[in-house]
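The structure appears below as structure tokens.
The values are calculated or read from the model by the stated rules, or taken from the named source; none is laboratory data. Predicted model only: the values in this text are computed from it and were never measured. Note: ideal-geometry Cβ built from the backbone for every residue, glycine included; neighbour counts use all protein chains shown.
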Amino acid sequence: MEQQKDESLYAKMGVDASKKNVKAAFGKTNETEYPGAWVNIITAFFNSDWAVTQHMDGDGSKMIQRLLHYFETGNKSILRGAADDALAMNTSDIAASGFVFGQTIFTDVLNLNLPPDVKEVLMAELAHRFGELRELYRSHGIDIYFLGGEIADLPDQVLSAVLDVAVTSYAKKEHLITGNVQDGDLIYGFASDGQAAWEENPNGGGMANGMTLARTISMSQEYNKKYPQLKGRNRYMGAFNIKDDNGLLFSRQLLSPTRQWLIVIKILMENLIAANALHHLHGISVNTGGGATKIMNLGSGGIVYHKTLPEAPLLFQILHTLSAELWQNMYKTFNCGIGLDVVGSDDEAFRAALTKTSEDTKVRLYKLGSCRAFSEELSGEEKHINTVILSTPYGTFSYSQR
């Protein structure tokens, strides 16, 4: 088994995919009643049978690629996908803990340093898309509301634009997914690429993580001088020009919006409830920051997640070639084709619900592997550290929370 060796290019660019420093700083301050769950959860003040969570995230530096694409092509609709990314990065995570049936409220924060005309276009496109997404969610029975947000001009703090979304959501405690992963549980995965039933175009699968690496290694070096406000700390070092056919196609693949995983998870939970099998669902991992290894943040008590992964979609193979990144680091940075991991009992009704969900959503399903608990092979604190073992077409790699 190949162990981690070289520091990733992503880390050298200043991004901590594992966010261990964040956990060290805030781990003891954060409050939650369900430490194994995907998000922090407390009891709702109005009813002890209900729970509440709050979550905040954004589309990261994917906004910069969207602005670059817009500047080069004049296609303002490409900016709309930032709303998809920022919303999905929040609603997917809360859904992974079962927040799909109760009321959900979201707001946005848009920090800007853009010319007035570009600012107006960006605001209009985001507002339009947030409205469309709200209606998409409602068409799937999701009780969601947009309460506005904050638009701030920050010329001294921001080079171009940053979009974040905050979500507050409520759920009955009986619907919570608490991360009670058990020895012998199975792991299934839903593809990040392909085309879901509600999506208008095929999805490249990149979601909204690893973009600092992806865009800087791929986009033409000429953009360093042409758009210095989009360069920032890391210079463009690639050859793709968005005005060329291949460059345009590749940029569109990079900018495929993050899949709205809340819809997938809600349909899965509905199928499980219909089969009286919701108790077989023990945990869900949304494979954003941390990529294919992010499942190690699910559950507690020293769990070994062993996954056998399919061949990475073309987008990730191209990024691997361009970056010369080790595959062991690629899987830490990108989801590499599996956007959602689902963990549950080795049970026929559970498997049937997963298969039906794949059919209902048109999102491919993979059987990835299984979970086991650490036993006599380790002692002391190591027994309480989660580990991920990935068997891939490019090697077998091991990762842990250490």
Exercise for the section: Name every residue in the range 232-253 that is surrounded by fewer than 19 Cβ atoms within 10 Å (Cβ to Cβ), out of contact with any Gly (no Cβ under 7 Å at 6 or more places or on another chain) and within 23 Å of N329 (Cβ to Cβ), in order of residue number. Expected result: G232, N234, R235, M237, G238, A239
Exercise for the section: Output the residue which, of all residues in the range 111-143 that are under 20 Å from the mean Cα position of the chain (by Cα) and of a type in the set (A, V, I, L, M, F, W, C), is surrounded by the fewest Cβ atoms within 10 Å (Cβ to Cβ). Expected result: L136
Practice task
Would you be able to tell me the number of residues in the range 57-83 that are surrounded by fewer than 24 Cβ atoms within 10 Å (Cβ to Cβ), under 30 Å from E270 (Cβ atoms) and among the acidic types (D, E)?
Solution key: 1
Fill in the blank from the handout: Here the residues within the range 373-395 that are closer than 17 Å to V342 by Cβ and modelled with pLDDT under 95 are N386
Practice task
Filter the range 185-215 for residues that are among the hydroxyl-bearing types (S, T, Y) and at pLDDT 95 or above and give the result.
Solution key: Y188, S192
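Quick grid of which residues meet (1) modelled with pLDDT of 95 or more; (2) within 18 Å of the chain's Cα centre (by Cα):
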{"residue": "D6", "(1), (2)": "no, no"}
{"residue": "S18", "(1), (2)": "no, yes"}
{"residue": "I78", "(1), (2)": "yes, no"}
{"residue": "G102", "(1), (2)": "yes, no"}
Exercise for the section: Identify all residues within the range 278-291 that are small (G, A, S) and in contact with a strand residue (DSSP E or B) (Cβ under 6 Å, 6 or more places away or on another chain); write none if there are none. Expected result: G283, S285
Problem - Matching residues, the range 88-104, being in a loop (DSSP other than H, G, I, E, B) and either in contact with a helix residue (DSSP H, G or I) (Cβ under 7 Å, 6 or more places away or on another chain) or surrounded by fewer than 23 Cβ atoms within 10 Å (Cβ to Cβ) (or both) - result: A96, G98, V100, F101, G102, Q103
Practice task
Could you grab the pairs with beta carbons closer than 9 Å, sequence gap of 6+ or different chains, first residue in the range 35-58 and under 26 Å from E150 (Cβ atoms), second one in a loop (DSSP other than H, G, I, E, B) and of a type in the set (K, R)?
Solution key: none
Exercise for the section: Run G60 past the list (1) assigned to a helix (DSSP H, G or I); (2) in contact with a helix residue (DSSP H, G or I) (Cβ under 6 Å, 6 or more places away or on another chain); (3) of a type in the set (G, A, S) and report the number of the one that doesn't hold. Expected result: (1)
Exercise for the section: Can you tell me which residue within the range 183-205, out of those that are surrounded by fewer than 17 Cβ atoms within 10 Å (Cβ to Cβ) and of a type outside the set (G, A, S), is farthest from E135 (Cα to Cα)? Expected result: D183
Practice task
Go through the range 150-181 and give me each residue that's touching a strand residue (DSSP E or B) at 6+ places or on another chain (Cβ under 8 Å) and surrounded by fewer than 17 Cβ atoms within 10 Å (Cβ to Cβ).
Solution key: E150, I151, A152, D153, L154, Q157, V158, K172
